[in-house]
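What follows draws every value from the coordinates through simple rules; no lab data is involved. The structure presented is a predicted model; accordingly, all values stated were derived computationally and were not measured. All Cβ positions, glycine included, derive from the backbone under ideal geometry; neighbour counts span all protein chains shown.
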């Protein structure tokens, strides 16, 4: 039996030092066109709902009650309510932008590929967060690098 420098059989050393090719059948580099279409339909539904919610928030912000009130507490509560609605509207617009970016990635066939690791983001994660651009692994790597 031929042994390497470390005293282990050569076949074991070769097995340890041999790396699999980057894209095996088990590890795809993108989702199929059918899968991308499925994601597109989900995103379009969420986008429609998000736009409706944004319009509701926007109309709430723009509506002014012409009747003057002189009660300070009511005016303060109304101002705070409008401020909260404004913040929700801003977050909703950010969500809409992220969904639209996801649609662009679908058209480019890069949707579902982690921008950190280059691996496919698991389908379950994309179903839960369709605008995700990182896998859980990628997000953890990003946070780890930020702490340094």
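Each 10 Å bin from 0 upward holds the following percent of the Cα-Cα pairs of region 29-147: 13, 32, 24, 17, 10, 5, 0. FRET efficiency for the pair residue 83 and residue 38, taken as 1/(1 + (r/R0)^6) with r the Cβ-Cβ distance and R0 = 41 Å, rounds to 0.60. Taking other C-beta atoms within 10 Å as the exposure proxy, 39, 95 rank 95, 39 from fewest upward. In a fully extended conformation the segment linking residue 123 and residue 109 would gain 3.5 nm over its present Cα-Cα distance, using 0.36 nm per residue. The residue 63 and residue 94 beta-carbon pair, evaluated with R₀ = 22 Å, returns a calculated FRET efficiency of approximately 0.45.
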